[in-house]
Every structure is written in C-alpha cells, then in structure tokens.
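Sending over a structure as structure tokens; questions will come in a sec.
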Amino acid sequence: MSCGLFRHKQGTVTLSCGALLLGTLAGLALFAPLIAPANPIDVNLSQRLIPPFESSALLGTDQLGRCVLSRLLHGARITFTAVFAILSFTVLSGTLLGCLAGQGPAWVDGLLTRFTDGVMAFPGLILALAIAGILGPGLSSVILALCGVQWVRFFRLARSMTASLRERAYVQAAIISGAGTWAIMIGHVLPKLLPSVAVLATLQMGRIVLSVSSLSFLGLGAIPPAPEWGAMLSESKTYMQSAPYLFFLPGFCIFLAVLGGQLMGMGLQKKLDLSRKGYL
Amino acid sequence: MNACVRRLGTAFQTLALVLALVLSLGLALVRGQTAQAAMTPVIIGEDVDIAGFDPALNESPWAFRPLVYNTLVELDLDFKVTPSLATHWEASLDGRTWTFFLRPDVVFHDGSPLTAEVVKMNFERLREGAQKSWLSGIEEISVPDEATVVFRMNAPTFIFDSHLTPPFLSIVGPAALDDEGKVVAAIGTGPFTVESWQKGRECVLKANPSYWGGKPRTDQVIFRIIRDPDARVMAFESGDVNLVSLRGALTAVQRLEKNEAFTILKRTGQTSENIYLNTRRPLLSDARVRRALAKALDLETMIPELLGETAEPGRTFFASGFGAYVSPTPYMPRFDLDQAKRLLAEAGWKVGPRGVLEKDGSPMKLSLTVVANNAENMLLAAAIQHALKAVGCEVVLNPVESAAITEQFRNGDYDLLMLGQWLIPHNEPFTHYRFGYYHDNSTYKVSTSPEITALIDELESTADRERRLELHHAIQDGLGQVMPAWVLFHRNNVIAVSRDFADFTVSVGTWQLYRDLAKP
C-alpha cells in the first residue's frame, strides 16, 4: 500500500515536471509571434555571428545575422505543430484500427497484423527517411512519413488490449446481451484503452520530436529559411568551432522537448500504475 | 709536476671526448632532423577518393590526375598553355591538321618508352570512352614517325592545343590496359607513381625518379580521404594532414589565419558560381526583369561577408584567371535597389497586397533550385531569397540532391538554379558557350539568340587570336544585355599549409591545384 502511494506521489512529481516543461515550451511556441523580438527569417549581414548577450539579440545571431532567440521560438512552433499533427493522426488511426483488429473478424485482424508486422520489420527512422525522400523535402513530407511509421505502435497496443479485454466477463456479457461491435468498442473497450494510449502518446512525443529534428537535420524536413530546430542544427554544423552556441541552443531545445515528453510519459505511467499491470 | 701535467692531459682528453660526443650527438640530431624534413610526406586532405586508375573517369578527383599522368599539352600554374609530352606543335592554316612532336626519352612508370603509336592508341581509346564528346572533332590520327602524331580534324579547329590540356585526356602506358582495353594500373609518365591505394581511405604516391621534368623534391604525397570540409580542416589543425584545400570550409580561413603555425595561400581560380534564369518561364522572359532582379543583389557586401577569402564577388562573366578572354565590361550590374524597383515598375510589375509584386494577377513567385548538401550554396540561397524580397520577389528554396539538379537543369525544370559555371575545362572559354549554355546546339540552352549563336559560330571558325578575343568580349557583353545568368562569385583556390610547406605555389586552374608538388 505504502509502496503504491510512493509510486503515485513520485509519478505526480515526474508528471508535473514534464507537464511544466512541455507546457512552457508549448506556450512559447503558441505565443512566438508575440514574444519573439525579431522576424526569424530577416537577414542582416552586418550583424552576423554575434555571440549571446553581446547585442540586442539576447541569444546572439546566426550566420545570416538572424536573431537566434526568435528562430528558436518559431522553431518550437514548427516542432509542436508537427508533433500535434503526427500524434493526432497516429493515435486516432492506430487505436481505431487496433480495436477493429482485436474486436473484428479474424481475416481483418490477420490482414492488419501482417501489414503492421511488415511496417515494423524496418527500423522506423529508415522507413521514414525513405518515405520523406520519395515525397521530397518539406515539413509536410516529414509529417506524412512519420505518420506512416508511428501509427503501428498505437495499433499494436490497442489490438493486444482489445483482444485481452474481449475475454473479460463484462464484455462477454455485453456480447451475449446482443451489443454490436461498435457499441462494445465505444462503451467497454475504449474507456479501458485510453489511459494506456495517453501514456504511449506522451512517451512517443519525445521520439517524434527527435525524428522530426533528425529528418530536418538530414535536409528532408523544413525548407530553409524555416527555423526548425533540426535544420538549425544542420546549418550551424559549419560554425561548430567559431560559433558553438549556434549548435548548442537548438540542440538544448530538442533535449528539453524530449525530456518533457519522457518525464510526462513516465509520470503518467507511474500514476496510473500501468507498467505493473503489464500494458506498457 | 709530471703528475700534474698528466692529470691536466687527462682532463683535456676527457673534455675533448665530451665535446666530441656532444658535437657528434648534435650533428646526428641535426642530420636526423634534416633527413626527417626531407622525408616528411605531404599529406593532403581530399574530399573525393580516386575512382580507379583511369584518368578519363569523371569520378576521379581533379587534382590527383596531373600528379600521376601527363597530357600532350598542359596548363602551368598560371593557366598558360605549356609543353608537356609534346615539346612543340603546329596547326595548318585551315585548322584541320594539328601536328604534335613528342618529347624524346620519356618513359612510363613501368620503364616502357613513350612513342607516337602509344599516343595514338590512347586517343583511339579516349575517342570511344567517357570523354568522347571532347574529341568528336578528330577525324583521323596518323603517326608519320616514332615521335610525331598528326590529328586530322573534321572541321577547322583553332584551339586544339587547349582542348588537349584537361587531365582526363592523359596518356597511359600500354601495360596499364587489360585485354578489354580498361585501365587497371596507374602507369603514367607523371612526377609521381602510385605506391598504394586503400579505397575510401588513402592513396599514397611516391616521387618518380625517372620523371622527364626531374625527380620531385617531395618524396611522398598521401591523399587522405575526408569527405566533410569541416572535418578536413579539423584534421589539418590536429596535424593529421599538412595541406588542405579550404573549398567549402566557410569559417576555416578566419580561424586558421590566427594560428601562426599555418599559412593560408590564395589565388583566384577558374570557376564561378552562377544562378541560371529560365528565360522560357513567363515571369523571367523579360530581360528588364532579369536585370532588375540582378540589381537587387548586393554581391559586393554579400560575398565577402558570407564566403570571406574563399570567393570574389561576381563582376565579370568569367573569373580573372581567364586573363584576356574576360571582357573588361562588367557583366553583373551594380547594386541599386531604387533602380531595380523602377525597372520592375517599367516592366509592368506593381506591388500587391502582401508586398509581393504582381502583374496580370500573377504574383512574382520564383523557386530557387539549389544543391541541398552544399552549405555554401544554401547559405547564399537564403541571403539571395532575402535580397529579392526587398524588391517584392518571393523566392521559395527548392533544395535537391546534386545528381537531380543536373537533370532538372537539362530538362529546363527550374525558375532559378544555382550551380557552378561548368564546361570550361581549360584556359579558352569557347567551349562554355558553344557546348555548354548559349548556342542553339549547346547542352543546356540556357538562353539562345540568333545573334549570340552567330558570334559563337564565328568564334569557332576564327584563327586570329585578336579577333577571337574581340568575339569573346562581344559574346560576354551580348549575354550581359540578355542576362540569362547571374554570376554570384568567382571561387578562389585557397589552400592551408603547415609552415614546412609555406613556399607552395597555388595554381589558377582547378586541375593543377597540387601540381607545385612536382617541382624538382
């Protein structure tokens, strides 16, 4: 009992830290146009490579004299937009298809499971690279590529949980009393699924931030001059020795976003005691 | 007394012995250092590995080939045509017959002699290979004697000696070829022989003691393959390599200049970076628009700020390395934002609601195709995007792979396209207009007009050097009026060397970059 309480409290602290971190970043992203001191794409060649705290640009300027702080703030906007879009799609599609596979006819389950096995046979980032490479560079390509790769995780979770819930007595009772597939899914399965899906979604958040940044770093993501964090890292590679802050700052932002997602996911997991229940 | 003298004598003997020891030790050390200095290999950080031993392969790095092989005629460090395997040559008045007289007593790396038959065999091979387009003008090759090769051309050719200078037309020894005629061994006549090659890692060259130009004083040259420009510079700073080209390393020059252990050597090179404008697209079909947009580019500020010592702002059509062939009339217009706006207004473009110019309901929105993994080009593209925004032209960057950009260029699938000024492999830029970009029968047909095509045709059939220069200038000035390309910058050959090699001379030509290592 006391152990459970401790886990619960620990979960609350971790969850709060993660939520605070992500909330702050999301807030900054949301209000970036209002709080950014300059236009993130405005070039000023006379103000190139000024280190942080040495001019009106608080975090310095980049290789084209653009305000780094403004670019980071707008970069958060791009990253969170991508994360929101990818999570919305993958959570919805993965969960619904997973429920369908777990609850529906055997041939549907077989077809969907074989397909997801196929998708999961490739390392996620490599597959996303291939998809984004075919679609051509751009943030929308990255979003599509990651949607195509990430939904399978939610599918597998939803499918395995649905299959296990299906054997529960109250679900069997609902089946016997003549409830339809959709009614059982919405009324009995989904409410049980949601906490696990929420935890997986928060844990996936950090992974998605990393994937978006990685693809942009490789030149497949946001097209310059868009201030995406991964693209900023890539652009600053050349200046690693002469202006290391250009490399450090976007890297630190990526680290904070990933940490926020991870803490929130872990906190939620502990709070809901899901890992002990064996769902995640 | 005797004992005292004896003791003194012993002391002197001991002192002399110690002195002799110290002296011999010192001498040994000095000799060791001298020997070490002479033995110090030149280790070059290079981005591209050799693709094989065939000098005609396009994939091989430029600067490797002239160290191992020779051509009949070559360009010296100042970009001037100079004898190599041919000591002298002559052309018939009609430009249809070129006779080359071979240097006597030249031997290949395997000891076999250079003969006219070997030269003929090489050109027969080259005419069928990857470089056949460069030799399409040859009708027949004959060998009247052991030391003379005669080329019969199918049309008057007045710069055939320049055409033979690119190292992809190098002569290889007969033993270098396998049964199928492929080059499988590095057997040339050049100043260095290939000692070893580890694919993707390094290639070691050794001085050729029987080199016809005298044994190079550099005993060993090692090409170490480091693909990333910044990693190459880091390897140089850490002492892993002692000579490195700073092409593409944007911040290295400023950093290395501050270090007294290094010397930065710079010389204007032969290549330039351009933006080609697709004159077939409606938005860019008006020469006034192309000129107005060029006026919005402040290259005199942009290039030094962004590229520092590695480039000179584009003013003339070609880099100054081409000497008298470059028209003295500036090609790029001076930066003048007001005049740019005025010209655009004259062409019917009005400022729209978002600050973007509009004409007949169409916004001035252009895509700029650029090589994605080229940091230099991406940096410039972002600056140009911003500069054109100032006159109401919205530019969207289109980063593509380096292989795809050539395809798009060839297919005319672009608005603006940033790429190096290609197809000038030697000191005479005729090929650039004729085979590259500005003739009716050129590869890319960036912009053609009957007048420019006629001038290029006249240049092709003109032998008189003075008239040729006039025609070159007329073509460049004519293109300046049409403005089918913006010359952004002329690339400098910048090399960082450790102090031991401070007397290294940088070449104008890209191919000849490391050729100074061959000096005896």
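The values are calculated or read from the model by the stated rules, or taken from the named source; none is laboratory data. The model shown is predicted, which means the values in this text are computed figures rather than measured ones. Here the Cβ positions follow ideal geometry from the backbone for every residue, glycine too, while neighbour counts run over all protein chains shown.
How many of the residues making up the range B:260-301 are hydroxyl-bearing (Ser, Thr, Tyr) and over 26 Å from the mean Cα position of the chain (by Cα)?
2
Read through the list (1) under 22 Å from the mean Cα position of the chain (by Cα); (2) surrounded by fewer than 21 Cβ atoms within 10 Å (Cβ to Cβ); (3) more than 8 Å from every other protein chain (Cβ to nearest Cβ), then give the number of the only condition that residue B:373 fails.
Failed condition: (3).
May I pose another question? Kindly list, by first and then second residue, each pair from a residue in the range B:105-133 that is without any contact (Cβ under 8 Å) to a residue 60 or more places away in the chain to a residue that is of a type in the set (Asp, Glu) and assigned to a strand (DSSP E or B), limited to pairs with Cβ atoms under 8 Å and residues at least 6 apart or on different chains.
Final answer for the pair search is B:116/B:145.
Let me ask something else about it. Residue B:240 - would you say it is more than 14 Å from every other protein chain (Cβ to nearest Cβ) and farther than 28 Å from residue A:234 by Cα?
no
I would also like to ask the following. Sort out for me the helices (runs of 4 or more DSSP H) sitting completely within the range B:286-355 that have 3 or more residues that are within 21 Å of residue A:44 (Cα to Cα), in contact with a helix residue (DSSP H, G or I) (Cβ under 9 Å, 6 or more places away or on another chain) and among the hydroxyl-bearing types (Ser, Thr, Tyr).
none
Which pairs turn up if I take residues in the range B:82-103 that are assigned to a strand (DSSP E or B) and look for partners that are of a type in the set (S, T, N, Q) with beta carbon separation below 6 Å, at least 6 apart in sequence or on another chain?
Cβ pairs passing all conditions: B:90/B:99; B:101/B:87; B:101/B:148.
To continue, here is another question. Return the residues of the range B:148-172 that are buried (at least 21 other Cβ atoms within 10 Å of the Cβ), polar (S, T, N, Q) and more than 22 Å from residue B:50 (Cα to Cα); say none if nothing qualifies.
B:157
Out of the residues in the range B:131-171 meeting the condition of being among the charged types (D, E, K, R) and over 23 Å from the mean Cα position of the chain (by Cα), tell me which one is nearest to residue B:103 (Cα to Cα). Full working, then the answer.
Filtering the range B:131-171 for residues among the charged types (D, E, K, R) gives B:132, B:139-140, B:145-146, B:152, B:161.
Checking the rest, the ones that are also over 23 Å from the mean Cα position of the chain (by Cα) come to B:139-140, B:145-146, B:152.
Working: B:139: 24, B:140: 22, B:145: 13, B:146: 11, B:152: 21 Å.
Looking at the filtered set, the residue picked out is B:146.
I've got another one for you. What about residue B:476, is it under 21 Å from residue B:330 (Cβ atoms) and either within 14 Å of another protein chain (Cβ to nearest Cβ) or of a type outside the set (D, E, K, R) (or both)? Step through it out loud before you land on a result.
Details: under 21 Å from residue B:330 (Cβ atoms): yes; either within 14 Å of another protein chain (Cβ to nearest Cβ) or of a type outside the set (D, E, K, R) (or both): yes.
In short, yes.
Which of the residues that make up the range B:495-515 are surrounded by fewer than 24 Cβ atoms within 10 Å (Cβ to Cβ), in contact (Cβ under 8 Å) with a residue 24 or more places away in the chain and within 25 Å of residue B:258 (Cβ to Cβ)?
Passing the criteria: B:497, B:498, B:499, B:500, B:501, B:502, B:504, B:505, B:506.
Additional query: For the list (1) at pLDDT 95 or above; (2) under 13 Å from the mean Cα position of the chain (by Cα), I need the number of the one condition that residue B:477 fails.
Residue B:477 satisfies every listed condition except (2).
Return the total of residues in the range B:415-428 being crowded, with 22+ Cβ neighbours inside 10 Å and on the phi > 0 side of the Ramachandran plot.
0
Same structure, new question: How many residues, within the range B:61-88, are β-branched (Val, Ile, Thr) and under 15 Å from residue B:115 (Cα atoms)?
Within the range B:61-88, residues that are β-branched (Val, Ile, Thr) and under 15 Å from residue B:115 (Cα atoms) number 2.
Given the conditions (1) in contact with a Phe, Trp or Tyr (Cβ under 7 Å, 6 or more places away or on another chain); (2) within 14 Å of chain B (Cβ to nearest Cβ); (3) not small (Gly, Ala, Ser), which single one is not true for residue A:139?
(1)
For the range B:358-396, name all the residues that are in a strand (DSSP E or B) and of a type in the set (D, E, K, R).
Answer for the range B:358-396, where residues must be in a strand (DSSP E or B) and of a type in the set (D, E, K, R): B:358, B:359, B:365, B:394.
Turning to a different aspect of this structure: Take the residues of the range A:224-239 that are surrounded by fewer than 24 Cβ atoms within 10 Å (Cβ to Cβ) and among the aliphatic types (A, V, I, L, M): which is farthest from the other protein chains (Cβ to nearest Cβ)?
Of everything passing the filter in the range A:224-239, A:233 is farthest from the other protein chains (Cβ to nearest Cβ).
Any residue at all in the range B:380-396 that is within 23 Å of the chain's Cα centre (by Cα) and touching a residue at least 24 places away in the same chain (Cβ under 8 Å)?
yes
OK, next. Test of understanding: among B:292, B:261, B:296, which residue is at pLDDT below 90 and not charged (D, E, K, R)?
B:261
Every residue in the range A:177-200 that is surrounded by fewer than 18 Cβ atoms within 10 Å (Cβ to Cβ) and at pLDDT below 85, please.
Hits for the range A:177-200 are A:177, A:178, A:179, A:180, A:181, A:182, A:183, A:186, A:187.
Could you identify the single residue in A:215, A:203, A:165 that is buried (at least 23 other Cβ atoms within 10 Å of the Cβ), among the aliphatic types (A, V, I, L, M), under 28 Å from the mean Cα position of the chain (by Cα) and at pLDDT below 95? So that I can check it myself, show each step before the final result.
Working: A:203 fails: buried (at least 23 other Cβ atoms within 10 Å of the Cβ); A:165 fails: buried (at least 23 other Cβ atoms within 10 Å of the Cβ).
None of the other options fit; the residue is A:215.
Still on this structure: For the range B:405-454, what are the residues that are part of a helix (DSSP H, G or I), more than 30 Å from residue B:72 (Cα to Cα) and of a type outside the set (D, E, K, R)? Lay out the reasoning, then the answer.
Let us first name the residues in the range B:405-454 that are part of a helix (DSSP H, G or I), namely B:405-411, B:430-437, B:450-454.
Retained after the next criterion (residues that are more than 30 Å from residue B:72 (Cα to Cα)): B:405-411, B:450-454.
Answer for the range B:405-454, where residues must be part of a helix (DSSP H, G or I), more than 30 Å from residue B:72 (Cα to Cα) and of a type outside the set (D, E, K, R): B:405, B:406, B:408, B:409, B:411, B:450, B:452, B:453, B:454.
Quick check on this structure: which one of A:64, A:59, A:72 is at pLDDT 90 or above, touching a helix residue (DSSP H, G or I) at 6+ places or on another chain (Cβ under 8 Å) and part of a helix (DSSP H, G or I)? Let's see the steps before the verdict.
Numbers: A:64 fails: part of a helix (DSSP H, G or I); A:59 fails: part of a helix (DSSP H, G or I).
None of the others qualify; the one that does is A:72.
Residue under question is residue A:101, and the condition is that it be closer than 30 Å to residue A:82 by Cβ and either surrounded by 12 or more Cβ atoms within 10 Å (Cβ to Cβ) or free of Cβ contacts under 8 Å to residues at least 12 places away in the same chain (or both); does it hold?
yes
Looking only at the range B:45-63, how many residues end up being closer than 22 Å to residue B:178 by Cα and surrounded by fewer than 19 Cβ atoms within 10 Å (Cβ to Cβ)?
5
Any residue at all in the range A:75-92 that's under 23 Å from the mean Cα position of the chain (by Cα), more than 14 Å from every other protein chain (Cβ to nearest Cβ) and not in a helix (DSSP H, G or I)?
No, the range A:75-92 contains no residue that is under 23 Å from the mean Cα position of the chain (by Cα), more than 14 Å from every other protein chain (Cβ to nearest Cβ) and not in a helix (DSSP H, G or I).
Of the residues B:423, B:471, B:416, B:388, which single one is modelled with pLDDT of 95 or more, within 22 Å of residue B:80 (Cβ to Cβ) and among the hydrophobic types (A, V, I, L, M, F, W, C)?
After applying the criteria, what remains is B:471.
Exactly one condition in (1) within 14 Å of chain A (Cβ to nearest Cβ); (2) surrounded by fewer than 23 Cβ atoms within 10 Å (Cβ to Cβ); (3) in contact with a helix residue (DSSP H, G or I) (Cβ under 6 Å, 6 or more places away or on another chain); (4) free of Cβ contacts under 8 Å to residues at least 60 places away in the same chain is false for residue B:368; which is it?
Among (1) within 14 Å of chain A (Cβ to nearest Cβ); (2) surrounded by fewer than 23 Cβ atoms within 10 Å (Cβ to Cβ); (3) in contact with a helix residue (DSSP H, G or I) (Cβ under 6 Å, 6 or more places away or on another chain); (4) free of Cβ contacts under 8 Å to residues at least 60 places away in the same chain, the lone unmet condition for residue B:368 is (4).
Go through the range B:386-441 and report how many residues are of a type in the set (S, T, N, Q) and within 14 Å of chain A (Cβ to nearest Cβ).
Residues flagged as of a type in the set (S, T, N, Q) and within 14 Å of chain A (Cβ to nearest Cβ) within the range B:386-441 amount to 3.
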